[in-house]
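Right, one structure below, let's go through it.
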Amino acid sequence: MTHRLRKLIRVAPIALLAALAASPALALNWVPLLKNSPAERFDEEDLQLFLTTARKTVNEAPDNQTVSWENPETKHHGDFTILKSFEKDGKTCKRVRVRNEADGRKASSVVDACKVGDKWRLIGAPQRE
């Protein structure tokens with residue numbers, strides 16, 4: 001495999017996620033959270049499972065409930081937990097723990113997200129655990 005092809009394979013998931021993040025259907029821009037993480041090894045199905053679970057968690061999960069995902073084909077998996085809900089500048093916000101594992105790589109981060117209109121937006125940089 002050529003160096004160029006390996007590089008394309010490595011950055012394709014992030015590029016795909018960036019394209020999805022530009023979509024109005026995406027509830028939260030998770031791109032900063034996924035850089036330099038196991039998500040760089042996600043395939044398209046992994047990304048879809050990740051994004052669907054992220055949306056479900058911020059929109060439906062109560063505090064301290066963990067919502068998990070797993071791709072049975074790749075065995076990549078992760079979970080989201082709402083650590084707390086709060087108000088900031090009149091907006092509904094949530095602190096979310098995000099954990100992922102792919103090909104033996106593990107990552108755990110905590111992010112704050114606030115609802116702006118009908119979309120969730122990350123506020124501040126993800127904090128690695």
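The values are calculated or read from the model by the stated rules, or taken from the named source; none is laboratory data. Only a predicted model underlies this, so the values are computations on that prediction, with no experimental measurement involved. Every residue, glycine as well, gets a Cβ built from its backbone with ideal geometry; the counts of neighbours run over all protein chains shown.
Brief remarks on what is shown
- Top-ranked residue in segment 77-105 [being touching a residue at least 60 places away in the same chain (Cβ under 8 Å) and of a type in the set (Asp, Glu); ranked as farthest from Phe50 (Cα to Cα)]: Asp103
- Residue match in segment 112-128 (condition: closer than 19 Å to Glu44 by Cα and surrounded by 11 or more Cβ atoms within 10 Å (Cβ to Cβ)): no
- Taken as a whole, the condition of being touching a residue at least 60 places away in the same chain (Cβ under 8 Å), of a type in the set (Val, Ile, Thr) and within 15 Å of Arg128 (Cα to Cα) applies to Val111.
- Considering segment 35-76, and only residues there that are closer than 21 Å to Gln127 by Cα, part of a helix (DSSP H, G or I) and of a type in the set (A, V, I, L, M), the residue that is modelled with the lowest pLDDT turns out to be Ala39.
- Within segment 77-87, tally of residues that are out of contact with any Asp or Glu (no Cβ under 8 Å at 6 or more places or on another chain), closer than 17 Å to Arg121 by Cα and not polar (S, T, N, Q): 3
- Considering the conditions (1) among the hydrophobic types (A, V, I, L, M, F, W, C); (2) modelled with pLDDT of 95 or more; (3) more than 12 Å from the chain's Cα centre (by Cα); (4) closer than 24 Å to Arg121 by Cβ, Ala102 is excluded by exactly one of them, (4).
- Selection count, segment 92-111, where residues are surrounded by 13 or more Cβ atoms within 10 Å (Cβ to Cβ) and over 18 Å from Glu60 (Cβ atoms): 9
- Within segment 39-55, the set of residues being hydrophobic (A, V, I, L, M, F, W, C) and out of contact with any helix residue (DSSP H, G or I) (no Cβ under 8 Å at 6 or more places or on another chain) comprises Leu49, Ala54.
- In segment 116-126, the residue that is modelled with the highest pLDDT out of those that are in contact with a helix residue (DSSP H, G or I) (Cβ under 8 Å, 6 or more places away or on another chain) and closer than 14 Å to Val58 by Cβ is Trp120.
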